[in-house]
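The values are calculated or read from the model by the stated rules, or taken from the named source; none is laboratory data. None of the values given here were measured: they were computed from a predicted structure. Cβ sites come from the backbone with ideal geometry, for glycine too, and all protein chains shown count toward neighbours. SASA here: full protein model, heavy atoms, side chains in, ligands and nucleic acids out. Shrake-Rupley method; radii C 1.70, N 1.55, O 1.52, S 1.80 Å.
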Amino acid sequence: MLTLPQIVPFLKLDSGGNPERRHEYYNQSVAHAEEIAKVFGRKYPDYLNVNRPKERKEYRDYRAKIYKNPFRSLHGKVLKALKYIRQADDFDIVFPTQKEKTDTLKEYVESPMFSKKGSMQDWFFEKVGKGYVNDPNAVMCVIPMQQPASDQDYARPVAMLIPSERVYMHREGTFAVLGAPEKVPIQGVEGITAGKVLIFVDAESYCVARQVQVQQAGEKEYASWQIDGLLIDEVTGEASFSPPLHNCPLMPAVKVGQDCTEENDEGETCYESILSGAFEAVKEGQAVESDIQVERNFHVSAQEWRYSPKSTVCKAKGCEGGTITARDPISGNVTGKIDCPTCKGSGRGANSGSGLDLIEVSPATATGFDNEGRPMNIPTPPGGFIPRPVESIQELRKEFDRYSREAYAVVNMQFMRETPIDQSGTAKRYDREEMYRELNTVGGHICRMLENGLKWVGYQRYGKVVTDQLPTVIEPIRFNLENAELTREELKEAKDKKFDPNIQNPLTKRLIEYRAGKESDYYRKFELKEKLDPYPGMQPEEKLFLLSTMYVLLRGDPEALKVSVEAVWLSINFDALISELQRTNPDFLTLDLSEQFTMMVEANKKRVGTPTEQLIDPVTGEPFKGPAVLQPVVNFKNNGKI
């Protein structure tokens, strides 16, 4: 149970308006969230300057101007992968059936008015899902921010995600002090300002403390607070504190992270993000990519040079032959001559440094003598190009690819980065299975938090009698991480290696779903054929050979022959029958399965007619006489013809 001695020390704020008391890992938690934002943000990170300590400021400014973070997609893919948890086929939130109840937990948490994001499930995967990646030391808290007006009214718990910078104290399961996102306007020393709102929670109770006024007394400021459960006797002035109970079996405030890296004896913890293991590879990759951008912009084009007359001089103010007069900045007296910073002492027009610029070179002086002893110049071309080597970019690109693979591999998402054509199907499946296991682990943690949050709402709104309404969140174990290209490659492999049709058909069906959708005629046709085709997976030649076999083996049983022949012809004519029935009935593909089968059988009988018991000679067209020998349509000794 909360006590005033627990609460009062946190009501004293520092100069930044935050409680002076913090948990042991507060600074570390905030720094971790800031590092994640910096590593995967859009702005040029300052840690890249550490790699180039001697680089000039103008060069660093240029790098920052052209910088583009090549690893933002990794951050986005991790967030998108967490959404697979909610979209998995076997994910579900199961509420017990309620009879004759008008206000239920299910209705409350599924109401679109539960939060600004919609239902609690919508809020959870939007807020907590991002917090799990971006700020693992943030706290999910569920409490009523306002007390019910009467005992007959239900409490209205709200779910909040408190960022780590406002988690002033958090001891697992025992005590937490949180800065609420709610702000209240109060009268401050310099006018109206935003007052602080603090949430105190322990294993049994909670309370909300709101600033109501800030006053100046000498050099110090004093704040007045309104605290839930605190009553002051108007006669004696004595304080009594009875905080509201939350009725939850566990403290309704928990950190969203999963990987706890540090913990002390008091239960204070520090968590790391799922992306923290990729930081080193990401930072190295960003440094290499920055070098690639500079190298590409300045050193890909060949550098042009040209002889120019000496009359082409530097036009910088005060430049004479490459030098300028230096003066004392205070007295203004001449102190000597220095090289012109524009032309670097050459006296000619300066080169900008761009790979597309022109280098002007003065003609050489006499470099020899002719046969008569007169000075002369060796013939030289009037200009040319200095080729820039591309090997540096090639090597940098290899380094970047290596760091990129390492970063994706840390979170088991290497198959989402790229799927090389020459990579085997086994390797692709292995990579996806690694991600499946990662999602199963993360999914279990996420679903347990969601289930706890839903139960906290129930306990606080309806009390301990809510047990018959508490839901169960089913943790998903089946995830769909494939895409159309991966499915196509798996289908090609299955067909090339002649896998069983039971393996090929689901892949074909999934590829059709990617390309056309479940509601398309293509998908419905394939699904119908999968269910009704008597001989799926057989080639037309195989079906005709089977038909010939029936005429030989079933000649003595006309009824069996009739049924068998109709089944084979139904398989042969399957696509044609669907097209015919669609023309006569546009809604054929949406009919009941039994009705579809009946219509196809009737249409097939009209095509087949009554089978004869006599074998017909295909050459003469007359009934076959004499012994019959069944020959296959091809020579099975060379089955490559099939």
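Scanning region 36-61 for residues that are hydroxyl-bearing (Ser, Thr, Tyr) and either under 20 Å from Ala407 (Cβ atoms) or open to solvent by less than 70 Å² (accessible area, probe 1.4 Å) (or both) yields Tyr44, Tyr47. Within region 463-471, is even one residue at positive phi, surrounded by fewer than 17 Cβ atoms within 10 Å (Cβ to Cβ), out of contact with any Gly (no Cβ under 9 Å at 6 or more places or on another chain) and of a type in the set (Lys, Arg)? Checked against the condition, which is being at positive phi, surrounded by fewer than 17 Cβ atoms within 10 Å (Cβ to Cβ), out of contact with any Gly (no Cβ under 9 Å at 6 or more places or on another chain) and of a type in the set (Lys, Arg), region 463-471 yields no hits at all.
Annotation note: Cβ proximity below 7 Å between a residue of region 246-272 that is without any contact (Cβ under 8 Å) to a residue 60 or more places away in the chain and a residue that is aromatic (Phe, Trp, Tyr) (sequence gap 6+ or interchain) occurs for Cys260/Tyr271; Thr261/Tyr271. So in region 240-271, with the set limited to residues that are among the polar types (S, T, N, Q) and farther than 26 Å from Tyr25 by Cα, which one is nearest to the chain's Cα centre (by Cα)? Ranking the candidates gives Asn247 first.
The set of residues from region 169-191 being farther than 30 Å from Gln258 by Cβ, at pLDDT 80 or above and of a type outside the set (Lys, Arg) comprises Val184, Pro185, Ile186.
Would you check if there is a residue in region 214-235 being under 21 Å from Ser15 (Cα atoms) and open to solvent by less than 30 Å² (accessible area, probe 1.4 Å)? Checking region 214-235: at least one residue is under 21 Å from Ser15 (Cα atoms) and open to solvent by less than 30 Å² (accessible area, probe 1.4 Å).
Just one of Arg56, Arg63 is free of Cβ contacts under 8 Å to residues at least 40 places away in the same chain and at negative phi; which is it? If you could, list the steps in order and put the result at the bottom.
Details: Arg63 fails: free of Cβ contacts under 8 Å to residues at least 40 places away in the same chain.
Unique residue meeting the criteria: Arg56.
Residue count for region 285-337 satisfying the condition of being open to solvent by 40 Å² or more (accessible area, probe 1.4 Å), β-branched (Val, Ile, Thr) and either assigned to a helix (DSSP H, G or I) or at pLDDT below 75 (or both): 3. In region 88-109, what count of residues is obtained for those that are open to solvent by 90 Å² or more (accessible area, probe 1.4 Å) and either without any contact (Cβ under 8 Å) to a residue 12 or more places away in the chain or touching a Gly at 6+ places or on another chain (Cβ under 7 Å) (or both)? Qualifying residue count for the region: 5.
Quick check, is Pro506 farther than 21 Å from Gly609 by Cβ, without any contact (Cβ under 8 Å) to a residue 40 or more places away in the chain and touching a Pro at 6+ places or on another chain (Cβ under 7 Å)? No. The set of residues from region 1-24 being in contact with a Ser or Thr (Cβ under 7 Å, 6 or more places away or on another chain) and open to solvent by less than 80 Å² (accessible area, probe 1.4 Å) comprises just one member, Leu2.
Conditions tested, residue by residue: (1) part of a loop (DSSP other than H, G, I, E, B); (2) closer than 24 Å to Phe200 by Cα.
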{"site": "Leu2", "(1), (2)": "yes, yes"}
{"site": "Pro5", "(1), (2)": "no, yes"}
{"site": "Pro9", "(1), (2)": "no, yes"}
{"site": "Arg21", "(1), (2)": "yes, yes"}
{"site": "Gln28", "(1), (2)": "no, yes"}
{"site": "Val50", "(1), (2)": "no, no"}
{"site": "Glu55", "(1), (2)": "yes, no"}
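Assess whether Phe499 counts as being in a loop (DSSP other than H, G, I, E, B), at negative phi and touching a helix residue (DSSP H, G or I) at 6+ places or on another chain (Cβ under 9 Å). Yes. Of the residues Leu581, Leu615, Leu553, the single one that is modelled with pLDDT of 80 or more, open to solvent by less than 80 Å² (accessible area, probe 1.4 Å) and of a type in the set (A, V, I, L, M, F, W, C) is Leu581. Output the residues belonging to region 142-180 that are free of Cβ contacts under 8 Å to residues at least 40 places away in the same chain and open to solvent by 70 Å² or more (accessible area, probe 1.4 Å). Scanning region 142-180 gives Gln146, Ala149, Asp151, Gln152, Asp153. Specify the residue that is modelled with the lowest pLDDT; the eligible residues are those in region 405-458 that are within 30 Å of Val158 (Cα to Cα) and either among the hydroxyl-bearing types (Ser, Thr, Tyr) or open to solvent by 20 Å² or more (accessible area, probe 1.4 Å) (or both). Among those residues, the one meeting the criterion is Asn440. Of all the residues in region 145-190, those that are in a loop (DSSP other than H, G, I, E, B) and more than 38 Å from the chain's Cα centre (by Cα) number 10.
Here Ala64 does not qualify as out of contact with any strand residue (DSSP E or B) (no Cβ under 9 Å at 6 or more places or on another chain), at pLDDT 90 or above, open to solvent by 30 Å² or more (accessible area, probe 1.4 Å) and in a helix (DSSP H, G or I).
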